[in-house]
Amino acid sequence: MIVSDADILGASILIVDDQEANVSLLEQMLRDAGYTGVASTTKPDEVWALHRRHRYDLILLDLQMPGMDGFQVMEGLKTNDADAYLPVLVITAQPGHKLRALQAGARDFISKPFDLVETRTRIRNMLEVRLLYRRIEAHNDLLEQTVRERTAELRASEARYRSLTELASDWYWEQDEHGSFSKVSGPVLEMLGIRVDALDGDSRAVEVAGWNEAERKVLRETIAARQPFLDFIFTRVNEDGAQQTFQVSGEPMFDQQCRFIGYRGIGVQLNSGKPPSLE
């Protein structure tokens, strides 16, 4: 990210000093340097309201003022939840106040009497950092909004997917990372001969015998490897000798941290063969 000269010179600046002469000197210096968004006040108790209203990119704050000093002003500015970055550059003639001001939240300081070259340099450097911070803040807000929108789209897509798969198949199923059924939709009991207990995280499929174990072994190995499978065929022979053939497709599911959380898929019954008649 690059901050242009135009962005810096167009930044909003508030000068806070109880001495009109100091205010005039700083205003003139800034305007001569090309800054266009310069405002000022000699009343420190106005700063909080002014900053809430205008969200200045930089506040040039004198520390020694009657009634309310610069330290008190900074404490009040910290209560502005809309601005996590305190854009304050303090002005002081007391060397001992510099460290205290930085500990109070100021980003930099200017010494009195003013060195105009140093003052312009510190102001420009701080504005560049401030504007970069705002761009990052705006970028993060955009990313969060994008994530919210994409999440909503994915949820809508997921709902459509489930609706379509349930319409296009005999049953829809989901299993957690331990292999327990977490969702089943369709006549699984009638077709597969299994019972899914209450879906409370501990549900287990109670199965009947008759499955082709060679086919089941291949399917289990595919699931153990967390691989998708498409139109997998497996069969079961019922107690009356009738053979049932099923076709199932599934895919592994992962959360946002790429952690495996289970499988989901669809299945259809292809036929329900009857044993040959002895008559």
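Computed from the coordinates by the stated procedures, all read-outs in this text should not be read as laboratory data. Note that the structure is predicted; figures quoted are calculated from it, not measured. With ideal geometry, Cβ positions are generated from the backbone for all residues, glycine too; neighbour counts draw on all protein chains shown.
Which percent of Cα pairs goes in each bin when the distances of region 35-117 are cut into 10 angstrom slices starting at zero?
Each 10 Å bin holds this share of Cα pairs: 17, 54, 27, 2.
If I model a spin label as a point 7 Å beyond the Cα along the Cα-Cβ vector, how far apart are those points for residue 145 and residue 121 in nm?
Placing both labels 7 Å along Cα→Cβ, they lie 3.9 nm apart.
Expressed in nm to one decimal, what extension gain is obtained for the pair residue 103 and residue 28 from 0.36 nm per residue of sequence separation less their Cα-Cα distance?
Computed gain between residue 103 and residue 28 is 24.0 nm.
What dipole magnitude, in Debye to the nearest 20, does region 5-138 give about its Cα centre under +1 on Lys/Arg Cβ and -1 on Asp/Glu Cβ?
280
Taking a cut-off of 28 Å between Cα atoms, list the lysines near residue 217, but don't count ones fewer than 8 places away on the same chain.
183, 274
Can you tell me which lysines have their Cα less than 18 Å from the Cα of residue 112? Leave out same-chain residues fewer than eight positions away.
Answer for residue 112, where 18 Å is the Cα cut-off: 98, listed by chain and number.
Between residue 19 and residue 185, what is the FRET efficiency for a Förster distance of 51 Å, r being their Cβ-Cβ separation, to the nearest 0.05?
0.10
For region 209-268, go through all pairs of different Cα atoms, get the mean of 1/r, take its inverse, and jot down that Kirkwood value in Å.
Value: 12.7 Å, from the Cα pair sum.
Roughly how big is region 8-76's charge dipole about its Cα centre, with Cβ charges of +1 (Lys, Arg) and -1 (Asp, Glu), in debye to the nearest 20?
In total the dipole reaches around 340 debye.
So how far apart, in nm, are the two label points at residue 249 and residue 129 if each is 7 Å from Cα heading toward Cβ?
Between residue 249 and residue 129, the label points sit 5.7 nm apart.
Could you please rank 174, 239, placing first whichever residue has the fewest other Cβ atoms within 10 Å of its Cβ?
Listing 174, 239 from fewest to most nearby Cβ atoms yields 239, 174.
Could you give the length gained by full extension between residue 49 and residue 94, i.e. 0.36 nm per residue of separation minus their alpha carbon distance, to one decimal place?
Gain in length upon complete extension: 13.5 nm.
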